[in-house]
Amino acid sequence: MVGGLEIRAVPFNPDGWGPPDAAAAPAVSSLPVNVPYAPFSRSDKLGRIADWTRNFNNPARPKNPADAVFDFTIDDSFPASADDDSSFRLVDGKPPPRPKFGPKWRFNQQRQLPQRRDEEVEARKREAEKERARRDRLYYLNRSNANAQRREAAVFKSSVDIQPEWNMLDQIPFSTFSKLSFAVPEPEDLLLCGGLEYYDRSFDRITPKNERRLQRFKNRNFFKVTTTDDPVIRRLANEDKATVFATDTILSTLMCAPRSVYSWDIVIQRVGNKLFFDKRDGSQLDLLSVHETSQEPLPEAKDDINSAHSLSVEAAYINQNFSQQVLIRDGKVTFDEPNPFANEGEEVASVAYRYRRWKLDNDMYLVARCEVQSVVEMNNQRSFLTLNALNEFDPKYSGVEWRQKLETQRGAVLATELKNNANKLAKWTTQALLAGADMMKLGYVSRVHPRDHFNHVILAVNGYKPRDFATQINLNTSNMWGIVKSIVDLCMKLNEGKYVFVKDPSKPQVRIYEVPADAFENDYVEEPLPEEEQAQPPTEDGDGGEATATANDVEDKEIDGQA
């Protein structure tokens, strides 16, 4: 027979809630033995009845005072709980092992990943392998010469020797040039001088398979005359046609200054209310830089055919001969006046000088002498052309073999040249825009052999519209004119005298120096960058030499001397 349920007496606690204290409790308690009880008050908030989420195995975890009522770890009421906890184990409570980053682990992981075998991935692998091989080849090439130190960063010298008596007035970082913008109206043609020969369209069909040998034109004279030595500009200045006078070479150097790496200098003369931008005789502005913006350093040896100065002379020589070879010599187009720098009966190169005027302000105009090298008849209209040539001297420096890539990957060749010669291509585009040329022709000229810097071949010729090409290379015309306008405004605030605008050889900034009035008027000719030795200025009582403005340019003399 099942016994009945006994209901034991519950003691009354007159002092509060819960069972009475042990002292007030009867001698024989009817409560279960060893049952823990957490006392509380009616004002306490009941947060949780049971907490199964806490982990007391982590001693570093800060304890919440509100959880103290559920902490029975120090209670001796359950003596067997410790043994149960020690024998209890999770299925897998260990953290996953950290990967060992090394070649073995990396390759093992790559085998587990799904492999993409599409053309893009394979092309990237091939390009990365070529780049790695090229860098290794250059590294061991530099290491092979024990006397030559490996150039981690190119160290250039100033294009002009800064004299102690020069006074530096200001220095302008290139970062300020990027924010400038100025819109100019369409220019006005004041005068057109010289004569042009027609462009030979057969050169547009040249490919590396039917290359043509680059000819030499030693009998034709090329002129690199500065602004103040130009008789036409002097005449226009006397007639008050403008306030600021310059040439397209000088303006393009200023407009593309943020892209330049090598040092350059421009002489500024403030005469009355007029401003003249000049270049020194034998200035590096007459030469063409090669691999100026490339990451790969050029040899520093002075007599190396691949040094910066040797390549500049070679590039100028190639550019002049190319501009005359791609012409038809049967007919010639003449203009208002003949070549202002040529003597009577002298054979001159095909070139026309356009003297154009831009309005910078209500009472400020700029006149510049701009050059075009050829003319072509298109749709019964006469179109002007500028002719320039890119030169390949050694494929191991650029990593692109022109003879293999020009036919199939001409865009890749141009992209490489834009990376290595960004400043030179930007200046050519700027000069074409200033001259109002309808087309700019770019020739690809390479050495017959990488170690032969006298003989060259024409591999291809491409044509571009200047405005489209400027957009392609991210050349902003408003920013270009903003740079010129800011420099003109700065110079117009200076006193009358002579100043030099010098690009810092190691920093992206330009400095303005005030120089004596007779500076650069004697035989003070600096060798172009980055020659280690520069000509020292003559003494004050030295004899002055005759001006060489109307003679052949510097690069022709040096090439002829080497030949």
Could you identify the single residue in ASP278, ASP248 that is open to solvent by less than 20 Å² (accessible area, probe 1.4 Å), touching a Cys at 6+ places or on another chain (Cβ under 9 Å) and within 22 Å of VAL500 (Cβ to Cβ)? ASP248
Condition first: assigned to a strand (DSSP E or B), among the charged types (D, E, K, R) and in contact (Cβ under 8 Å) with a residue 60 or more places away in the chain. Can you find one or more residues in the stretch 261-273 that meet it? yes
Please enumerate the residues belonging to the stretch 269-299 that are within 17 Å of ARG369 (Cβ to Cβ) and aliphatic (A, V, I, L, M). LEU275, LEU285
Please indicate, with yes or no, whether at least one residue in the stretch 276-294 is assigned to a strand (DSSP E or B), within 28 Å of MET364 (Cβ to Cβ) and of a type in the set (Ser, Thr, Tyr). no
Select from the stretch 171-214 the residues that are open to solvent by less than 30 Å² (accessible area, probe 1.4 Å) and without any contact (Cβ under 8 Å) to a residue 40 or more places away in the chain and list them in ascending order. SER202
Note on the stretch 458-491: residues in contact with a Lys or Arg (Cβ under 8 Å, 6 or more places away or on another chain) and of a type in the set (A, V, I, L, M, F, W, C) are ILE458, LEU459, ALA460, VAL461, CYS491
Regarding VAL271, is this residue over 29 Å from GLN381 (Cβ atoms), open to solvent by 20 Å² or more (accessible area, probe 1.4 Å) and of a type in the set (Val, Ile, Thr)? yes
Going through (1) modelled with pLDDT of 85 or more; (2) part of a helix (DSSP H, G or I); (3) surrounded by 10 or more Cβ atoms within 10 Å (Cβ to Cβ) one by one, GLU131 fails only at (1)
Out of ASP336, ASP363, report the one residue that is more than 27 Å from the chain's Cα centre (by Cα) and within 29 Å of TYR198 (Cβ to Cβ). ASP336
Mind checking whether some residue in the stretch 234-245 is closer than 30 Å to ILE162 by Cα and more than 31 Å from the chain's Cα centre (by Cα)? yes
I'd like to check which helices (runs of 4 or more DSSP H) are fully inside the stretch 449-563 and have at least 2 residues that are open to solvent by less than 30 Å² (accessible area, probe 1.4 Å), out of contact with any Ser or Thr (no Cβ under 9 Å at 6 or more places or on another chain) and modelled with pLDDT of 90 or more. 477-492
LEU288 in contact with a helix residue (DSSP H, G or I) (Cβ under 7 Å, 6 or more places away or on another chain) and open to solvent by 10 Å² or more (accessible area, probe 1.4 Å): yes
Hey, any hits in the stretch 358-379 for a residue that's in contact with a strand residue (DSSP E or B) (Cβ under 7 Å, 6 or more places away or on another chain) and more than 24 Å from LEU190 (Cα to Cα)? no
Number of the condition not met by VAL461 [criteria: (1) closer than 26 Å to PHE245 by Cβ; (2) touching a Gly at 6+ places or on another chain (Cβ under 9 Å); (3) among the hydrophobic types (A, V, I, L, M, F, W, C)]: (1)
What number of residues in the stretch 233-260 are aliphatic (A, V, I, L, M) and not in a helix (DSSP H, G or I)? 3
How many residues are under 21 Å from LEU418 (Cα atoms), among the hydrophobic types (A, V, I, L, M, F, W, C) and either over 25 Å from the mean Cα position of the chain (by Cα) or not in a helix (DSSP H, G or I) (or both) when one looks only at the stretch 295-317? 1
By residue number, the members of the stretch 174-201 that are within 20 Å of VAL333 (Cα to Cα) and not in a strand (DSSP E or B) are ASP200, ARG201
Exactly one of ALA352, ALA315 is more than 23 Å from LEU459 (Cβ to Cβ) and modelled with pLDDT of 90 or more, and that residue is ALA352
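The values are calculated or read from the model by the stated rules, or taken from the named source; none is laboratory data. Keep in mind the model is a prediction, meaning the values are calculated, not measured. Quick reminder, even Gly has a Cβ in these numbers, built from the backbone with ideal geometry, and neighbours come from all protein chains shown. The area values use the complete protein model at the heavy-atom level, side chains included, leaving out ligands, DNA and RNA. Shrake-Rupley method; radii C 1.70, N 1.55, O 1.52, S 1.80 Å.
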